[in-house]
Structure formats: structure tokens, C-alpha cells
1. Name every residue in the stretch 90-115 that is of a type in the set (S, T, N, Q) and buried (at least 21 other Cβ atoms within 10 Å of the Cβ), in order of residue number.
2. Being open to solvent by 60 Å² or more (accessible area, probe 1.4 Å) and in a loop (DSSP other than H, G, I, E, B) is the filter here, so list the residues in the stretch 59-87 that pass it.
3. Specify which of the listed residues (G139, G160) is in a loop (DSSP other than H, G, I, E, B) and at pLDDT 95 or above.
4. Since E131 meets every condition but one in (1) in contact with an Asp or Glu (Cβ under 9 Å, 6 or more places away or on another chain); (2) assigned to a helix (DSSP H, G or I), which condition does it not meet?
5. State the number of residues belonging to the stretch 32-58 that are under 15 Å from L104 (Cα atoms), of a type outside the set (V, I, T), open to solvent by less than 30 Å² (accessible area, probe 1.4 Å) and part of a helix (DSSP H, G or I).
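The values are calculated or read from the model by the stated rules, or taken from the named source; none is laboratory data. The structure presented is a predicted model; accordingly, all values stated were derived computationally and were not measured. Cβ placement follows ideal geometry from the backbone for every residue including glycine, while neighbour counts extend to all protein chains displayed. Remember, those area values only see protein heavy atoms, side chains included, never the ligands or the DNA or RNA. Shrake-Rupley method; radii C 1.70, N 1.55, O 1.52, S 1.80 Å.
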Amino acid sequence: LDPLFRVTVPPAPAAVTPGRKTILFAPTWNRHLSAADLMRQRTVELLRGDGDANVIIKPHPHTEQLRPDWMQALRTAARAHPDVWLVEDPAADVVPLLGAVDVLVSDVSSVLFSWLALDRPMVLVTHPNREQDPGYDPGGIEWQWRDMGEEVLDIETLPGAVSRALSDPARHAPRRAHYR
């Protein structure tokens, strides 16, 4: 987490318009755990809703190799909208991006726990088929701590959840503080 707390902050990506709120979408790669599996070409639409926020999409490092269809869908979504940056380099570190965004949208990615250090809002997408995934562990903290942000059980409700997170960043602050 050191890059988050350095005096010099990396410049914002060129695709990010200054003065606008910024959403980071950082999904995991497991088919039945990942929000990317649910969103595909609708990623930007579902993240922004009716708003005009910047969107940074940082796929998991395994996504390109294991889910090339998801990467293609994310590329298509990113190209179709202004103020969207898809991080294509699988080796790129997500941590330096965290300081430049207002809300994190993820699923069960470990980035959730790094994000806690910033005490900013998060939206957690829960895949409806999670129990089919061999990586699903209902006793894991990624499942036990879903109350640290707004949990989305139906992907169609994601735009409202993101909007609420942006407009009321303190909404889940007590739980985030508890877990942090």
C-alpha cells in the first residue's frame, strides 16, 4: 500500500476528466464470482447509470489469459464511451490507482481489503452462481464482511448502488472503520 501514501501521487490517466467523480471497477477472474461475468459489454452503462463519472477498469491479472471473452467485452465497452480507461497491462499494479478514485466497484477481489485503508465507499457485486465456483468459501472474510459497502445481488441495481456510494460516501463508514 506504500504508493497510496507517498507524497507524490501518480498523474491521473489521460482518459480521466478532472473535476468529475471517478469509479474504479476491479473484478476478480473466477467465472462464478466475478462481476465482469455479469456486466460484459454493459460495464460502463451499469457503472455510470445516468451519471457522467470517469470509469477506470482494472481487470484481474489472470483475466486476459483465462477469460479473453471478458477482456474483449471490456475493450468494446471502454471504446464506446468517453472518459473510460481500461488498464490492459495484466502486470499493472492496482494500488497506485486507488488514490485517484472516489468509489470502488468489485466483487470478492482482494483489492477490497487494500481499499479499506482509504475509508472510501465501495460497492460489492455478489454473483448469483457463486456457490457453483470451487473458490467460493462462505466462511471467508470476503463473504463475511459484505456490510463494509453496499452489496448488489441483482446486477440491474448496480447503477443505483454506485450513485448512492458517490452521493453518500460515509454511508458504510462505521463498518469500514471496524474492519480497518
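1. Result: S106, S109.
2. P61, H62, A80, H81, P82 - these are the residues of the stretch 59-87 that are open to solvent by 60 Å² or more (accessible area, probe 1.4 Å) and in a loop (DSSP other than H, G, I, E, B).
3. After ruling out the rest, the residue left standing is G139.
4. (1)
5. Counting residues in the stretch 32-58 that are under 15 Å from L104 (Cα atoms), of a type outside the set (V, I, T), open to solvent by less than 30 Å² (accessible area, probe 1.4 Å) and part of a helix (DSSP H, G or I) gives 4.
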